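Notes follow once the structure below has been shown.
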Amino acid sequence: MSENLQSHSGIAKYYHLMRPHTLTASFVPVLVGTACAKYFTNIRIDLLIMMLIACLLIQAATNMFNEYFDYKRGLDDHTSVGIGGAIVRNGMQPKAVYNLAIAFYIVAALIGLYICANSSWLILLVGIVCMAVGYLYTGGPFPISWTPFGEIFAGFFMGFVIIMITFYIQVGHLEWYPAIMSIPVSINIGMINMANNIRDRVKDKASGRKTYVILVGKSVAILTMALLYLISFLIVLYTVFFKPYGSPFLLLILLSFNLPIKAVNRFLKGDTPIELMPAMKVTGQFNTVFGFLFALGLYLAALTAI
């Protein structure tokens, strides 16, 4: 076996297969949705934990489907940068990766049954749609990731939908408040996808993909990213003064303000996939730090409002 296929072995290759640096995109919305629910009810810890596990499993499975289908379509090989690498570098069989993703989906569905039994069976339908989108992001005859709408689908389903589901299973009804609070989270999740598409734009274009980045070019894509990051901050800052949910605790997000600036600067300076990897890393860090600070601020605001 070549050196490229020995980069990870044993448990390590399964860990990297799940692409752990992306998993914050699944649990940040759950934390934000739960923090919003605190305004209206006491939090059920069992539902919080079950929702976290289910979302992590679905996100990890989606990453496995991405790796499987990108490999099958020839997008990933041993020269690729930044992918999980379970197939092209660690020697895992493509079918094994696919089957493990299916197994994760099944476990997530079983957890979903517990959540439905303790909230509403309407959640089952929404969960099925979310899993279908995760599969179809790179699977199926018309993969979402090959269109200009990849960032929108990722932000909407992993941000808005997860936050609203999390809120609903705790409170039992919907409110406009978590919907508004989902906007910054949805933006930041979408930007993780855009960062990936900026890095891979040359190879993606050669493969026939029509992502937003490919259609508008690198410069416009980076400008879009910068503007959307700014909007995510402005929405939260506006909410600080918006009664009855405004609170100075939401200003905690300002502690992360340097990270999107750093990410945008690195995207502007870099060009090749290797050069853009540090920018992608900062993008992921920002999603995590902003998300945790945002959820913490929302929860503290709810506690002091009671």
Practice problem: From the list Lys205, Lys210, pick out the single residue that is of a type in the set (D, E, K, R) and free of Cβ contacts under 8 Å to residues at least 40 places away in the same chain. | Solution: Lys205
Practice problem: Specify which of the listed residues (Gly217, Gly284, Gly246, Gly291) is more than 22 Å from Phe160 (Cα to Cα) and either in contact (Cβ under 8 Å) with a residue 24 or more places away in the chain or over 17 Å from the mean Cα position of the chain (by Cα) (or both). | Solution: Gly217
Quiz item: Can you name the condition, by its number, that Ile106 falls short on among (1) among the β-branched types (Val, Ile, Thr); (2) more than 30 Å from Ala206 (Cβ to Cβ); (3) out of contact with any helix residue (DSSP H, G or I) (no Cβ under 6 Å at 6 or more places or on another chain); (4) at pLDDT below 95?
Solution: (4)
Quiz item: Quick check: anything in segment 122-145 modelled with pLDDT under 90, hydroxyl-bearing (Ser, Thr, Tyr) and either farther than 23 Å from Thr211 by Cβ or assigned to a loop (DSSP other than H, G, I, E, B) (or both)?
Solution: yes
Quiz item: Does Phe153 count as touching a residue at least 24 places away in the same chain (Cβ under 8 Å), closer than 29 Å to Phe286 by Cα and either open to solvent by less than 10 Å² (accessible area, probe 1.4 Å) or out of contact with any Ser or Thr (no Cβ under 6 Å at 6 or more places or on another chain) (or both)?
Solution: no
Self-check item: Restricting segment 12-30 to residues that are in contact with a Leu (Cβ under 8 Å, 6 or more places away or on another chain) and surrounded by 20 or more Cβ atoms within 10 Å (Cβ to Cβ), the residue that is modelled with the highest pLDDT
Solution: Val30
Quiz prompt | Criterion: over 16 Å from Asn287 (Cβ atoms) and not polar (S, T, N, Q) - qualifying residue of Phe249, Phe257 | solution = Phe249
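The values are calculated or read from the model by the stated rules, or taken from the named source; none is laboratory data. Computed from a predicted model, the values in this text were never measured in an experiment. Neighbour counts run over all protein chains shown; Cβ positions are idealised from the backbone, glycine included. We work out accessible area using only protein heavy atoms, side chains counted, and drop any ligands, DNA or RNA first. Shrake-Rupley method; radii C 1.70, N 1.55, O 1.52, S 1.80 Å.
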